[in-house]
Amino acid sequence: MAQAHYDVLIIGGGTAGIMTAAQLHRKARKLRIAILDPARDHWYQPAWTLVAAGAFRMQDTRRDEAAVVPDGVDLVREAASRFEPEANTVHTANGRAYTYDHLVVCPGIKLDIDAMPGLREALATDRVCSNYIDPEKTRRVMKGFQGGVALFTQPATPIKCGGAPQKAAYLADEFFRRRRLRDRTKLVFATPGSVIFGVQPFRTALEEVVRTKGILFKPFLSPVRIDPVRQEVHFRWCKPGEDHGPAVDAQELPQRVEGGDTIVMHYDMLHLAPPQSAPDVVRHSPLAYADGPNKGWLEVDIHTLQHKRYPNVFGLGDVAALPTAKTGAAVRKQAPVVVANILQRIKDGALSKMQYDGYSSCPLVTGYGRMLLAEFKYDNVRDSDPLLTRFFDTGKPLWSMWLLKKYVLPWLYWNRMLKGTM
Ligand SMILES: Cc1cc2nc3c(=O)[nH]c(=O)nc-3n(C[C@H](O)[C@H](O)[C@H](O)COP(=O)(O)OP(=O)(O)OC[C@H]3O[C@@H](n4cnc5c(N)ncnc54)[C@H](O)[C@@H]3O)c2cc1C
């Protein structure tokens, strides 16, 4: 039975919410903690890339939400609809209100389908798919593909797991080779970015992967519109300092330039990461940045994860405005900082000495049986695990890292991370 007041109220019972609740509960059994989340399902999203490739079962990425909430922590099945931080109150869509001593905000990220004209209609066709929305459909679309242009895109907004769109392209390359379709396929990876990956030495290794696979890498292309009838994506050329489009080679790819800076590219199959934003409940709240490049994202200190204006509010996970990649791996390093800071504040009102250094990691699956583990921290500095790198060259695609991704990480997630022991 839900109470009206909690010592710690957590908004969102995804990766961040469950890890935080589990660690807090282990360290301070007497705290009254609640997770507010209307979801019935808890998803292990990192395996969706493998589901699309037919290397993992979708049902194994799901658990009942209630089953992952630690015993002793309340699950309130309601959606937060409004934050009133001056009154330490969260209002819910059901018209209820909960008060708190400490608030942890982690409702993830919103897939903003309607932010791109034509996207919703395109997703209704059998040529357009996204591992972010339905990885099983990606599999069906790849199976139905008979050759032509296989286009993979990335939006200009921040996204969760920035490496996921290119992982989809690498696995598709191998899938098409196995089906003897690769000779008849132009596989294109188009991104608003300038390079395939921001951190060295992973960038060099991935450039080599792109080259050997014969993937057409197209930088500075920001998708703005989809025409599902003509099977075309409209991109805005976004190279800094250049307002005109590049000269396109229609021999290389069916494409054309329109209006100076719009490149229109044909697809026979399209995989995309949809535009993403902070969930509305945060975006339109006093907890978000009101202006600037982080507008709409949760305003927390990048090292303490404490809200910059409301000291009893903390935030982590995809919703937080942190200059690092939004991943579950990042959450694993953020949760202990939030937990230590809340416990210290309860004890003496101060913050703990723990700081988050921006650690994130992207397990870049480069084919069936190959994975490169890119680990880094703030400022794009490599931060590979010293123990792992003693035994493996994690800057290269390896069979051992594939095993880590397919077997070890899912096990650790369900049995250790969500239990608060890792
Ligand atoms: C295709 C794909 C591949 C990925 N690959 C990797 C990978 O290889 N490695 C990796 O580390 N990460 C990967 N990720 C990213 C990872 O899954 C996320 O970064 C992680 O889940 C973030 O945790 P979170 O708690 O912030 O959000 P989530 O886990 O998404 O949870 C958010 C929760 O908040 C709830 N919620 C939303 N709105 C409200 C509201 N108003 N009130 C209450 N509750 C609300 C939701 O129901 C949900 O339960 C991948 C993601 C995708 C989609």
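The values are calculated or read from the model by the stated rules, or taken from the named source; none is laboratory data. Please read these numbers as outputs of a predicted model, since none were measured by experiment. Note that we place each Cβ from the backbone using ideal geometry, even for glycine, and neighbour counts take in every protein chain shown.
Odds and ends about this structure:
- Checked against (1) touching a Cys at 6+ places or on another chain (Cβ under 9 Å); (2) among the hydrophobic types (A, V, I, L, M, F, W, C); (3) at pLDDT below 95, residue 1 meets all criteria but (1).
- Failed criterion for residue 358 (all others in (1) more than 9 Å from the ligand (Cβ to nearest atom); (2) surrounded by 21 or more Cβ atoms within 10 Å (Cβ to Cβ); (3) assigned to a helix (DSSP H, G or I) hold): (3)
- Scope segment 111-148; condition acidic (Asp, Glu) and touching a strand residue (DSSP E or B) at 6+ places or on another chain (Cβ under 8 Å); matching residues: 112, 121
- The residue of segment 20-47 that is surrounded by the fewest Cβ atoms within 10 Å (Cβ to Cβ), among those that are within 11 Å of the ligand (Cβ to nearest atom) and among the polar types (S, T, N, Q), is 45.
- Residue identified as crowded, with 20+ Cβ neighbours inside 10 Å and either in the same structural domain as residue 330 (by TED's automatic domain parsing) or within 21 Å of residue 246 (Cβ to Cβ) (or both) among 191, 185: 191
- Any pair with Cβ under 7 angstrom, 6 or more apart, that starts in segment 42-55 at a residue that is modelled with pLDDT under 95 and ends at one that is part of a strand (DSSP E or B) and within 8 Å of the ligand (Cβ to nearest atom): none
- Filter pass, residue 78 being in a loop (DSSP other than H, G, I, E, B), within 14 Å of the ligand (Cβ to nearest atom) and touching a residue at least 12 places away in the same chain (Cβ under 8 Å): yes
- Pairs linking a residue in segment 106-127 that is farther than 11 Å from residue 233 by Cβ and within 16 Å of the ligand (Cβ to nearest atom) to a residue that is part of a loop (DSSP other than H, G, I, E, B) and polar (S, T, N, Q), with Cβ atoms under 8 Å and 6 or more positions apart or on different chains, are 112/157; 123/130.
- Every listed requirement among (1) assigned to a helix (DSSP H, G or I); (2) out of contact with any strand residue (DSSP E or B) (no Cβ under 7 Å at 6 or more places or on another chain) is met by residue 171 save one, (2).
- Within the option set 99, 20, 49, being over 15 Å from residue 419 (Cα atoms) and in a helix (DSSP H, G or I) holds for one residue only, 49.
- Scanning segment 314-350 for residues that are β-branched (Val, Ile, Thr) and either closer than 13 Å to residue 377 by Cα or crowded, with 24+ Cβ neighbours inside 10 Å (or both) gives 319, 324, 327, 331, 338, 339, 342.
- Check on residue 334, in contact with a strand residue (DSSP E or B) (Cβ under 9 Å, 6 or more places away or on another chain) and away from the ligand (no atom under 16 Å from the Cβ): no
The rows are residues; the columns are (1) touching a residue at least 12 places away in the same chain (Cβ under 8 Å); (2) more than 12 Å from the ligand (Cβ to nearest atom).
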{"residue": "285", "(1), (2)": "yes, no"}
{"residue": "289", "(1), (2)": "yes, yes"}
{"residue": "344", "(1), (2)": "no, yes"}
{"residue": "350", "(1), (2)": "no, yes"}
{"residue": "362", "(1), (2)": "yes, no"}
